[in-house]
1. Residue check: is residue A:455 free of Cβ contacts under 8 Å to residues at least 24 places away in the same chain, in contact with a helix residue (DSSP H, G or I) (Cβ under 6 Å, 6 or more places away or on another chain) and surrounded by fewer than 24 Cβ atoms within 10 Å (Cβ to Cβ)?
2. Can you tell me which residue among B:104, B:124 is open to solvent by 20 Å² or more (accessible area, probe 1.4 Å), away from chain A (no Cβ under 12 Å), within 20 Å of the chain's Cα centre (by Cα) and under 26 Å from residue A:475 (Cα atoms)?
3. Which residue out of A:306, A:286 is open to solvent by less than 10 Å² (accessible area, probe 1.4 Å), closer than 19 Å to residue A:442 by Cβ, at pLDDT 95 or above and outside any helix (DSSP H, G or I)?
4. Quick one: in region A:110-129, which of the residues that are within 25 Å of the chain's Cα centre (by Cα) and not hydrophobic (A, V, I, L, M, F, W, C) is farthest from residue A:310 (Cα to Cα)?
5. If only one of A:262, A:280 is assigned to a loop (DSSP other than H, G, I, E, B) and open to solvent by 50 Å² or more (accessible area, probe 1.4 Å), which one is it?
6. What's the total number of residues in region A:41-61 that are within 14 Å of chain B (Cβ to nearest Cβ) and open to solvent by 40 Å² or more (accessible area, probe 1.4 Å)?
7. Is there any pair with a first residue in region A:469-480 that is at the interface with chain B (Cβ under 7 Å from one of its Cβ atoms) and a second that is of a type in the set (A, V, I, L, M, F, W, C) whose Cβ atoms are under 7 Å apart and which are 6 or more apart or on different chains, and what are they?
8. Being in contact with a Ser or Thr (Cβ under 6 Å, 6 or more places away or on another chain) and in a helix (DSSP H, G or I) is the filter here, so list the residues in region B:99-134 that pass it.
Amino acid sequence: MTPTPSTPPATGTRPGSGTVGKTRRTPAPRETFLGMPPFPTAARGGLTNSQQRRNLRHATHTIRDKRAKVVAEVDQWEELRVAGAAIKDRALRHLDVYLPQLEASLTAAGAHVHWARDAEEANRIIVDLVRAAHAADVEAATSAQVAGGEAEPEGETDDLAPRASDDLEVVKVKSMATQEIEMNEALERAGIAAWETDLAELIVQLGHDLPSHILVPAIHRNRSEVRDIFLREMGHYGKPAPEGLTDEPARLAEAARTHLREKFLRASVAISGANFAVAETGTLVVVESEGNGRMCLTLPRTLISVVGIEKVLPTVEDLEVMLRLLPRSSTGERMNPYTSMWTGPTEGDGPSDVHVVLLDNGRTDVLADTVGRSALRCIRCSACLNICPVYERVGGHAYGSAYPGPIGAILTPQLRGLDNPVDRALPYASSLCGACFDVCPVRIPIPELLVHMRHKVVEKKKHDRRLPTTEAATMAAASWLMGDHRRWEAALAASSGSGSVLRRALKKDRIGPLPWPAAPWTTTRDLASPPTQSFRSWWTHEHEDPAAPGHDIPGATPEQGGSR
Amino acid sequence: MTETTKPTNTSGGAGRPGDGLRVALFATCVNDAMFPETPKAVVAVLERLGCTVEFPLTQTCCGQPFTNTGYFDEAMPALRRYVETFEPYDYVVSPSGSCVGSVRDQHPMLADRSGDTDLAARARAVSARTYDFPELLVDVLGVTDVGAYFPHRVTYHPTCHSLRVTRVGDRPYRLLEAVRGITVVDLPAREECCGFGGTFAIKNADTSTAMVADKARHIADTGAEFVVAGDNSCLMNIGGMLSRQRSGIETIHLAEILAHTQDSASAAGSAAGTGIDAEPPAGAGFDPAATDDTLDMVGGDR
């Protein structure tokens, strides 16, 4: 993601408070992903947040159990996974064909296609489109007034522009691409208010928070926290929460609906992402659960969709596989509640002005890595987050990007590169337990990609001469040791010797807290003392019979049995 | 290869299931250096079943610590050592799901990457003949009852790599259920990682600790005396936490339970920590009644 060089959002400013420069239109996030410490340090915040730990444990276990249940119902789940992976791989391998085809289909359907190399370019395009749409609205309203003979405001042309710019706003469908490019803040800086309409995104936005999950951005919040946020914040940005709001889910949803309704009805521009983009027809697909997406996709006059170039699918038939894989993997539902598909504008129905911003933002760099590119298969279901023991305990914020969890650990450092320590630490934010691969609907070999990315980190450090570090020196020494059994045996002899000494000195076989470099282990865990005899020493003593077959080890004399 | 349940060794005839089978033991560097009782137990069980066990002394390490930390070049000497050492054998067995997983999954990738096509072909051939201990017992030897006796309450932690890389499935449970005197209790959230993850335990020590703390809590909830697994690296992590908590719960490798017999149990008190006399028993060793008293294997004495 291209870091935005301009000033960070003024924290805590609300309409009317006007403390730093221009007054914000939308709630300011308390922090940004930019400037967060690397994962091992950032993780501590999540690990020590007991409320969040409890919320996440409950939420991830609920959703992972639900997923397991509905996936088990599908006899050919494995075949579906294989098909899903094959479809995405084919699309990615032939992007040079499918992307121009998508552009042609979209254009033929009456949509306008824009290409964005990076976040900055995408945000610039979007700002321009919103401004243009607004200007067109104002013009239409003006000509309507003129045509209607209303001569109310005089000198319109002079004060229209500033007044229009003050009112600029958009409603948003939940979208990972717009989170990735930090579009809301870019729009805010351009004086455009972007209102999240997905319930969880609304909670995050009103909570001055950052999303911590791909599917459930407010997964780290429980309903009593949501109630507090609604009561405290809604009134600042629109219709306040009703008095006496309880934390019952139905009441909270009602408060959100009422708050959002006026925004839906007022907005003339909506911004969405897309789960899929069908090349042959120019059809975009949005998969959502609340109906807020349907409102955004149908009510405003202008619709702007920000779509990563990896979202393209060759044919409509491919959706058959994807729309079976996605709901079961993400929400644990058999079918998705609201699946919207549109192919350009339709006269008299829905938006009349349809734009698609096709976003690269590092994706072609990922594609260039023949191993790493399988991360682009991702359909953002978040099954890997829900199953991940690291994510469950740490939460999403420590991953330092819009993409948390295992997929974020392999995707973010590929999209952004390995220039900063946050991105270099991400591939190590996993115990390589492999649970993520087993649940991935498109069979992304996440553990293999984590190891692959670790290798790229090491290569990068070597290239940048950040090595030799302690780690690199240790690895080089151990590599030399393991290259020849005689060296390894000498090390074992030393270890057994120290084991004898330790056991005699401590009179126990467990070692307690030690200083660095053993501290990361021994601060919380005991360490077993080395035994007084290695296995190999025992074997040589007990088993080695020079006359026995199979002991003619290359490079060793039979008498010595290969040792020393 | 891990899904076969039909024994592939039929040469034993009416004798012991392992008769005539020559098996090379890959002890792994961690067991060699830190947990020698586990490879000793593998030797005891396999010899009891009639196998001829060999321990080629040129072996060192599978290279996984290098590979998983991103040091691919540094893993190559260990990989070459492994291929050269175990090439002559039809069966290689190791008491570590993780190391077997590394051999099977990572050796071909690393060898391919090195551009040495000869090495890649050899690495593939050897890795296809490398078995996790429960696989060799159940799939190759066709046994689940190895004549073990272990009168204790245990809970089994399926390690991540035995579960999701070597995919040993229910084999360890079948082996444990056949052990005489044992009580096996289900471990809650058993498929969750213990938080070891090699250098993960050091690089992300706080997160790793949070994971192993939960694992220790689940283990304590079972009321077991022992937590058993197929990998000593994971047990070192779990045991480190259980020991720090003074929980009174011990860790034990699956092989050590399987090596434990009625006779070794009676000798355990005096022989703790001294290892075993792994002379093959005279009779059909997998039948506890026929197991003679040459074994004084001690289980769970770490």
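The values are calculated or read from the model by the stated rules, or taken from the named source; none is laboratory data. In this text, all values refer to a predicted model and were calculated from it rather than measured experimentally. Don't worry about glycine lacking a Cβ; one is built from the backbone with ideal geometry, like all the others, and counts go over all protein chains shown. In case anyone asks, the SASA skips ligands and DNA or RNA and just uses the protein heavy atoms, side chains included. Shrake-Rupley method; radii C 1.70, N 1.55, O 1.52, S 1.80 Å.
1. In short, yes.
2. Within the list B:104, B:124, the selection yields B:104.
3. A:286
4. A:124
5. A:280
6. 11
7. What qualifies is A:475/B:66; A:479/B:66.
8. Going residue by residue through region B:99-134, those that are in contact with a Ser or Thr (Cβ under 6 Å, 6 or more places away or on another chain) are B:99-101, B:103-104, B:106-107, B:132.
Passing the criteria: B:99, B:100, B:101, B:103, B:104, B:106, B:107.
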